[in-house]
Every structure is written in C-alpha cells, then in structure tokens.
Amino acid sequence: VGGTWQLVDAMTVGSSRTVTLTNGTLDANGFNVTCGLFNSSNSNTRTLTMGSGTWTLTGIGTVWNFGTTTNLTYNVNTSTVTVTDTSSATKTLNFAPTVAFNNLVIPAGGTGNINLTASGGRAITSMSVTGPKTLTWASGSSYTITNAPTITSSLTQPVTFLSSTPGTQYTLSVASGTVGSRFMSIFDCTGSGGATFVARESYGNNTTGWTIVPPRINQ
C-alpha cells in the first residue's frame, strides 16, 4: 500500500493471466505491457501511469476492467491499447468516464465480439477498427471520439456496430472528419458532433445522423 512499481523494461505476462493493480502506483515508464487481462476495479487508493507504450491485451472475457474507479488516479498519457485475441470468444472493455483511451486499436481476425460497456459518457482520443469485427456499444451511452476513427472493412471482412440492447440507440460523437467505411452493418447508432457519418454499400437499421448507401445488385 502506497508503494510504487516502475518498469525498466517491457513486461510480458501470459495470455490467460490477469495483471491486477490493487494498491499503490504502477508506472509503465514508457515501456510496453503485454498481458491477458488488466484489472483495477476496486476502491483502494492507486495510480496507473500508462506512459507512451503499447498495452496489448491478449486474453478473453473482461480484458480491461475499470468498472469501479473510486480513489483511482489514471494517467492515460500517449499510450495505445490493442485487443488482439482472434478467437470466437467475446472480449469486453469495461471502462468508466474517467478512464479514457488515448489510442484504441481493434485489429482484424476472429468472430468474437468486442463489447464496450458504459454508463454515461466515455472518451477515446483515436480509434482504429479492422474487419472482420463486430463491436457492441452500450445502449443509452455516449462515446466521444476526438479524432474520426479509422474503419477498414471489405466485402469479405465487414465491420458491424451493434447496440447492447437491440432497438435502443447509443451515440458516437465526433467533432469533425468522416466516420464510416464500405461494407458495414450499423444498428441503433446516433452519429453526432459535427463529423460526416457515411457508410457505403452498407446496411443500416435505426440509425440517426448517418448516410447509409445500400449495396448495389449487379445483373
């Protein structure tokens, strides 16, 4: 309690292992961290300094757990968080309003959903998603993304956005730029904040603020 761990090299923990910050300070000190899951959902006094490195989450289940942030000091710095499991298992990012992502990377591969839990607003500075991938956003919640997210999808590698409660919308708020790609399926999403939201050769249902251009049928 009250102690400090500061990395002097990259830290790698097994893909099925959880790193838990319970008390004190963990300072990545600019180095990369690789682990199955990271958990700091408690009410103890603790500090996380993520630094400038890449935090690679290789596990399944709740791979990023900050559901309770009482007494947490969180320094996102210029870090990147990458979710890399390519299985059919679900990966969940459980983060509170005070736990922002500087750069969130969802690479291609696998059929397992990426769930983003929330209640109230959530902040992400930059985000990239590569298909095939399905993201499930928390219904009734708002996600503020500072820079227009990069979405890479194709006919054989689509990207799908879902609501955790089908029929109930969530909001993606982006101030400027263009959000969207080709070959997407977008359900229950409100696009807001000033950016242009457009998905071409795509399918949309219960969307607001988006321009959905349906697929063409070649005869």
With x for Gly and Pro, the residue-by-residue ³J(HN,Hα) of the range 144-157, computed from phi through the Karplus equation 6.51 cos²θ - 1.76 cosθ + 1.60 at θ = phi - 60° and given in whole Hz, is 9, 10, 5, 9, 3, x, 8, 10, 10, 9, 8, 4, 8, 9
Matching label for the computed semi-axes √(5λ) of the Cα gyration tensor in Å, out of (1) 32, 18, 15; (2) 28, 20, 18; (3) 26, 23, 19, is (1)
Residues meeting the amide H criterion for residue 55 (H placed from the backbone, H to H distance under 5 Å, 5 or more places apart or on another chain) are 33, 80, 81, 82
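What are the chymotrypsin sites (Phe, Trp or Tyr not before Pro) within the range 142-171 that DSSP puts in a loop, where the Cβ has at most 13 other Cβ atoms within 10 Å? Show your work: numbers first, answer last.
Numbers: sites: 143, 161, 170; in loops: none.
Sites meeting the loop and neighbour criteria: none at all.
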Sorted on mean Cβ neighbours within 10 Å (highest first), peptides 4-13, 207-216, 106-115, 122-131 come out as 122-131, 106-115, 207-216, 4-13
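Once neighbouring chains are kept in place and the probe is 1.4 Å, which whole percent of the accessible area of the range 1-139 is contributed by carbon and sulfur?
Details: 2650 of 5500 Å².
Carbon and sulfur: 48 percent of the exposed surface of the range 1-139.
Pull out a ≥ b ≥ c, the square roots of the eigenvalues of the alpha-carbon gyration tensor of the range 113-155, then state rounded if a/c is under 1.5, prolate if not and a/b is larger than b/c, and oblate in the remaining case. Display every interim value, and only then the final one.
Working: a/c = 3.00, a/b = 1.40, b/c = 2.13.
Taking the square roots of the gyration eigenvalues as a ≥ b ≥ c, the range 113-155 is oblate.
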Given Cβ charges of +1 for Lys and Arg and -1 for Asp and Glu, the option among 63, 89, 195 whose Cα lies farthest towards the positive end of the dipole of the chain is 195
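About the Cα centre of the chain, what is the dipole size in debye to 20, counting +1 per Lys and Arg Cβ and -1 per Asp and Glu Cβ, all else neutral? Display every interim value, and only then the final one.
On the way: 8 positive and 5 negative charges, 51 e Å.
Charge dipole, the chain, about its Cα centre: 240 debye, nearest 20.
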Long-range amide H partners of residue 134, meaning residues 5 or more apart or on another chain whose placed amide H is closer than 5 Å, are 114, 160
With the 1.4 Å probe rolled over protein heavy atoms, the range 1-112 has an accessible area per residue in Å² of 43
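The values are calculated or read from the model by the stated rules, or taken from the named source; none is laboratory data. Predicted model, so just to flag it, every value in this text is computed and none were measured. Backbone-built Cβ (ideal geometry, glycine too); neighbour counts: all protein chains shown. When the accessible area is computed, the model is the full protein with side chains, heavy atoms only, and any ligands, DNA or RNA have been set aside. Shrake-Rupley method; radii C 1.70, N 1.55, O 1.52, S 1.80 Å.
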